[in-house]
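The values are calculated or read from the model by the stated rules, or taken from the named source; none is laboratory data. These numbers were taken from a predicted model, which means no experiment stands behind them. No Cβ is skipped: glycine too gets one built from the backbone with ideal geometry, and neighbour counts run over all protein chains shown.
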Amino acid sequence: MTFDSTEKSVALAAPVELYKFTGTFNTYRLTSHVDNITNTEGTYTAEAIKRVKLKNANQEESNLALELDLPYAHAMVSEYAFQTSPPELICEFYRCHLNDVNDTLLLWRGKVLSWTITGRVAKLKVPNVFSYALDGQCPPVKYQAPCNHILGDERCGVDLTAAENQQISTIDSISGNSIVIADASTFADGECQGGSMIVGSEHRLITNNVGTTFTIATPFAGASASDSVTIQRGCDHSFNGAGGCINRFDNAINFGGFPLVPDRNPFAKRI
């Protein structure tokens, strides 16, 4: 039988929803069904995933999105929701029936645009591909003194894997947002503020470092003592500050700001 005929059949209709997430780090297959579902694509693991009702609309309507709830402790949440720079994650939402789980209908496809953690629930928003393309905005370069670039991106040009910018060590202990590592001799106190701490596929923003003690913005989901950890220097995005482009990275040629912009509003007070 075809999907359409099964969908309309009183005797055979047993709808199942499948969610495939394809991302930078891993691919996850989940289902809201009570049991795991295996088809030619692979095994979709049963999970407490919930969605809002899909809305039928045309391309001229804004805010069209698939909204999902997922337990915050799920591995996908720890990998993608807390990264310093959110990595790409594509969601495909399928519907099938138990009598033929290989006969699937794609109901939605889009890029996970945002994550929100509320209590023990992770909420993600997935606008469809067409809506995302129409509503997407290219971030403009701001006429400001701090650099507009992201540290380590193509425009910045800093190699964060170079020996002077990165150190690999092991975790000695973890207490919430505070992590003590075995060796941080590459960096002075405060030098990693605004940098990254990496454990496995999880990236966290470093807010301060003193000796071998590092403070991160959000605790790791899967890190533990003795794990390998990578530390990367930070940048304060200034032109000639102590932690900025010239003094820390000798990278003035790629500076993406306007250091001579006055720091006073000429319409409010005299320069």
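For (1) in a strand (DSSP E or B); (2) at pLDDT 80 or above; (3) within 24 Å of Pro127 (Cβ to Cβ); (4) not assigned by TED's automatic domain parsing to the domain that holds Pro219, each residue gets a yes or a no:
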residue: Tyr28; (1), (2), (3), (4): yes, yes, yes, yes
residue: Val34; (1), (2), (3), (4): no, yes, no, yes
residue: Thr43; (1), (2), (3), (4): yes, yes, no, yes
residue: Leu54; (1), (2), (3), (4): no, no, yes, yes
residue: Glu67; (1), (2), (3), (4): yes, yes, yes, yes
residue: Met76; (1), (2), (3), (4): no, yes, yes, yes
residue: Phe82; (1), (2), (3), (4): no, no, yes, yes
residue: Pro86; (1), (2), (3), (4): no, no, yes, yes
- Message: Scan the range 184-197 and tell me whether some residue there is more than 16 Å from Phe249 (Cα to Cα), more than 22 Å from the chain's Cα centre (by Cα) and surrounded by 12 or more Cβ atoms within 10 Å (Cβ to Cβ).
- Response: yes
- Tabulated pairs, the range 149-172, first charged (D, E, K, R), second in a loop (DSSP other than H, G, I, E, B), C-beta under 7 angstrom, 6+ apart or interchain: Arg155/His149; Arg155/Gly256; Asp159/Asn165; Asp172/Ala182; Asp172/Ala225
- Message: Any residue that is part of a loop (DSSP other than H, G, I, E, B) and assigned by TED's automatic domain parsing to the domain that holds Pro219 - is there at least one of those in the range 148-157?
- Response: no
- Residue pairs within 7 Å by beta carbon, gap of at least six or interchain, first lying in the range 192-211 and under 25 Å from Thr27 (Cβ atoms), second of a type in the set (Asp, Glu), listed first then second, are Val199/Asp227; Ser201/Glu79; Glu202/Glu79
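Every residue in the range 98-121 that is outside any strand (DSSP E or B) and farther than 21 Å from Asp35 by Cβ, please.
Val112, Leu113, Gly119, Arg120, listed by residue number.
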- Task: Working carefully through the options Asn240, Asn209, find the one that is more than 20 Å from the chain's Cα centre (by Cα), crowded, with 17+ Cβ neighbours inside 10 Å and over 15 Å from Val158 (Cβ atoms).
- Result: Asn209
- Task: Would you point out the residue of the range 247-271, among those that are loosely packed, with under 14 Cβ neighbours inside 10 Å and hydrophobic (A, V, I, L, M, F, W, C), that is farthest from Asn208 (Cα to Cα)?
- Result: Phe267
- Listed residues Ser175, Ser201; which is surrounded by fewer than 18 Cβ atoms within 10 Å (Cβ to Cβ) and touching a Phe, Trp or Tyr at 6+ places or on another chain (Cβ under 6 Å)? Ser201
- Among the residues of the range 212-243, write down those that are farther than 13 Å from Ile179 by Cα and without any contact (Cβ under 8 Å) to a residue 40 or more places away in the chain. Asn240, Gly241, Ala242
- Item | Which numbered condition Ser226 misses (of (1) assigned by TED's automatic domain parsing to the domain that holds Gly194; (2) surrounded by 17 or more Cβ atoms within 10 Å (Cβ to Cβ); (3) modelled with pLDDT of 90 or more; (4) not acidic (Asp, Glu)) | (2)
- Residues satisfying the stated conditions in the range 118-142, i.e. in contact with a Phe, Trp or Tyr (Cβ under 7 Å, 6 or more places away or on another chain) and modelled with pLDDT under 85: Asn128
- Task: Hey, could you check the range 212-222 for residues that are out of contact with any Ser or Thr (no Cβ under 7 Å at 6 or more places or on another chain) and surrounded by 19 or more Cβ atoms within 10 Å (Cβ to Cβ) and say which is modelled with the lowest pLDDT?
- Result: Phe220
- Are there any pairs with C-beta distances below 8 angstrom linking a residue in the range 86-99 that is under 14 Å from Ile49 (Cβ atoms) and without any contact (Cβ under 8 Å) to a residue 60 or more places away in the chain to a residue that is charged (D, E, K, R) and crowded, with 19+ Cβ neighbours inside 10 Å, with the two at least 6 apart or on different chains, and if so which? none
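From Ala11, Ala48, which residue is modelled with pLDDT of 85 or more and in a loop (DSSP other than H, G, I, E, B)? Please lay out each step first, then the result.
On the way: Ala11 fails: modelled with pLDDT of 85 or more.
Criteria check complete, one pass: Ala48.
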